[in-house]
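Student: I'd like to ask you about the structure that follows.
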Amino acid sequence: MEMESRDGGSVFAHIPKVPEVPLYALQVAYGKDPSPLKLNLGFGVYRTEDGKPFILNVVRRVERLLVNDMSNFKEYLPITGIAEFNRWSARLILGADSPAIKENRVTTVQCLSGTGSLRIGAEFLAKYYPQHHTVYMSQPTYGNHPNLFSVAGLAIKTYRYYDPGTCGLDFQGMLEDLQSAPSGAIVLLQACAHNPTGVDPTIPQWEQIRQLMRSKGLLPFFDSAYQGFVSGNLDDDAQSIRLFVADGGECLIAQSYSKIMGLYGERVGALSIVCKTADVASHVESQLKLVIRPMYSNPPIHGAAIAAAILKDRDLYNEWSIEVKVMNDRLISMRQHLFDALCDKGTPGDWSHITKHVGMFTFSGLNPAQVAFMTKEYHIYMPSDGRINMAGLGPKTVPLLVDAIHAAVTTLCLN
């Protein structure tokens, strides 16, 4: 009787309560912290130097244009989304003169940001890729990657990627693990600005990866969420993907506009599948529609309309490119500022990896005990693996972080 009163006799009473997703639990804890000095370096969003949400000027400008355009509507989109958005998204990642695009060998569908693009791609592979139902992903990788593929019924394995000893790439280990992967296996690759490590292969290393994967018959699935956040140049940051497309082979590409256009809450993304022939691409698109239809039927309009307007207009595109470069320059500046401050303070350890890493994140090298110490004593919030979102820093907050790191390192051993 007591049990029934507690759960009301619910048919769902047997369901256990699970802990909050760690990254979101971190945000809840940050929100509850009353300290005026608290600092959030955990969540993967770009912020201003003052830690405020950032909306690109070009996005605001396009939104005003869309609001005043009386020809716009709010009816359902096709299953594959806005055709113009899809066409220009493929051009953005593959290049305006990509042979694959000219030969109609690419099918692109609008999805719910990068997460949705990966999820649709995973479901498609689970249904229509009989060669192998195993996905290899870097160790470590973005925390949601395993979920997106395992829920589709695909097995998850890892390849070596990050070397804690050097705070850099374990390239030899990566090659060895890919060499050992069975023919036909799917390999998830981050196109640039690797999350969470901030460590990328060089272009010559990407070429070696490509040669090995093609020789082994491994299927590349690229996740591109930070195009422009490494070099500040949108074309340069797509070179890893374009190497694989140039050889005429097949691959999948998930794109996100959350970071690079600041459209986080609009959920704007695209999945492109590069095929051997136009005929195959047509067949693939027909099946992608059947994957999407029972999931969310069709995607939302507003965010993709913003992205399409920017991508297709030369002036708007140039304005956006400049803003991407400004964001990237600030990330690089914060890396240098943090490194210099740690050196000036004489903090024990080699911190040169901070300026060697690229993109939004860096693996600081701090261990879970040190991170917990910094949260308790300095109100600094970051994941327990020590990942720092460089966009969460500004000139005023770098000294606070340096004081915290110095105290953590000198109080608790680095390893």
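Student: So the check is Cβ under 6 Å with 6+ separation or different chains; which pairs have a first residue in region 344-369 that's at negative phi and a second one that's assigned to a loop (DSSP other than H, G, I, E, B) and among the acidic types (Asp, Glu)?
Tutor: Qualifying pairs under 6 Å: 358/200.
Student: Under the condition of being hydrophobic (A, V, I, L, M, F, W, C) and within 20 Å of the chain's Cα centre (by Cα), which residue from region 10-24 is surrounded by the most Cβ atoms within 10 Å (Cβ to Cβ)?
Tutor: For region 10-24, the residue satisfying everything is 23.
Student: Something else about it: Taking helices (runs of 4 or more DSSP H) that do not extend beyond region 32-143, which have at least 3 residues that are open to solvent by less than 60 Å² (accessible area, probe 1.4 Å)?
Tutor: 57-68, 83-94, 113-128
Student: Okay, moving on. Only one of 204, 220 is surrounded by 20 or more Cβ atoms within 10 Å (Cβ to Cβ) and either assigned by the TED database to the domain that holds residue 176 or of a type in the set (Asp, Glu) (or both); which?
Tutor: Only one candidate qualifies: 220.
Student: Name every residue in region 300-332 that is open to solvent by 60 Å² or more (accessible area, probe 1.4 Å), over 30 Å from residue 77 (Cα atoms) and not aliphatic (A, V, I, L, M), in order of residue number.
Tutor: 325, 329
Quick grid of which residues meet (1) more than 21 Å from residue 200 (Cα to Cα); (2) polar (S, T, N, Q); (3) in contact with a Leu (Cβ under 9 Å, 6 or more places away or on another chain):
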position: 113; (1), (2), (3): yes, yes, yes
position: 117; (1), (2), (3): yes, yes, yes
position: 127; (1), (2), (3): yes, no, yes
position: 133; (1), (2), (3): yes, no, yes
position: 146; (1), (2), (3): no, no, no
position: 149; (1), (2), (3): yes, no, yes
position: 153; (1), (2), (3): yes, no, no
position: 157; (1), (2), (3): no, no, no
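Student: Now a separate question. Inside region 352-368, can you point out the residues that are touching a Leu at 6+ places or on another chain (Cβ under 8 Å) and either in a helix (DSSP H, G or I) or open to solvent by less than 10 Å² (accessible area, probe 1.4 Å) (or both)?
Tutor: Listed by number, the residues that qualify are 354, 359, 360, 366.
Student: Follow-up. Could you list all residues from region 390-415 that are within 21 Å of residue 165 (Cα to Cα) and open to solvent by less than 10 Å² (accessible area, probe 1.4 Å)?
Tutor: Scanning region 390-415 gives 405, 408.
Student: Mind checking which residues of region 372-389 are open to solvent by less than 10 Å² (accessible area, probe 1.4 Å), under 25 Å from the mean Cα position of the chain (by Cα) and over 15 Å from residue 27 (Cα atoms)?
Tutor: Once the filter is applied, which keeps residues that are open to solvent by less than 10 Å² (accessible area, probe 1.4 Å), under 25 Å from the mean Cα position of the chain (by Cα) and over 15 Å from residue 27 (Cα atoms), region 372-389 yields only 386.
Student: For region 369-397, give me the residue count where each residue is part of a loop (DSSP other than H, G, I, E, B), closer than 14 Å to residue 51 by Cα and hydroxyl-bearing (Ser, Thr, Tyr).
Tutor: Residues in region 369-397 being part of a loop (DSSP other than H, G, I, E, B), closer than 14 Å to residue 51 by Cα and hydroxyl-bearing (Ser, Thr, Tyr): 1 in total.
Student: Looking at region 191-216, I want the residues that are closer than 30 Å to residue 366 by Cα and have a partner that is assigned to a helix (DSSP H, G or I) with Cβ atoms under 6 Å, at least 6 apart or on another chain. Which pairs are those?
Tutor: Listed pairs, sorted by first residue: 191/240; 191/241; 192/237; 203/239; 205/171; 206/240; 206/243.
Student: So which of 342, 338, 311 ends up being touching a helix residue (DSSP H, G or I) at 6+ places or on another chain (Cβ under 8 Å), within 18 Å of residue 233 (Cβ to Cβ), assigned to a helix (DSSP H, G or I) and modelled with pLDDT of 95 or more?
Tutor: Exactly one residue qualifies, and that residue is 311.
Student: Moving on. I'd like to verify a number: residues in region 317-337 that are closer than 17 Å to residue 396 by Cβ and in contact with a Phe, Trp or Tyr (Cβ under 8 Å, 6 or more places away or on another chain), how many?
Tutor: Residues in region 317-337 being closer than 17 Å to residue 396 by Cβ and in contact with a Phe, Trp or Tyr (Cβ under 8 Å, 6 or more places away or on another chain): 1 in total.
Student: Looking at region 88-112 only, could you name the residues that are of a type in the set (A, V, I, L, M, F, W, C) and more than 20 Å from the chain's Cα centre (by Cα)?
Tutor: The answer is 96, 100, 101, 106.
Student: Contact list please: Cβ distance under 7 Å, first residue in region 32-50 and at positive phi, second residue assigned to a loop (DSSP other than H, G, I, E, B) and buried (at least 18 other Cβ atoms within 10 Å of the Cβ), pairs at least six apart or on different chains.
Tutor: Short answer, once both residue conditions are applied: none.
The values are calculated or read from the model by the stated rules, or taken from the named source; none is laboratory data. The model shown is predicted, which means the values in this text are computed figures rather than measured ones. Virtual Cβ from ideal backbone geometry, glycine too; neighbours counted across all protein chains shown. SASA here: full protein model, heavy atoms, side chains in, ligands and nucleic acids out. Shrake-Rupley method; radii C 1.70, N 1.55, O 1.52, S 1.80 Å.
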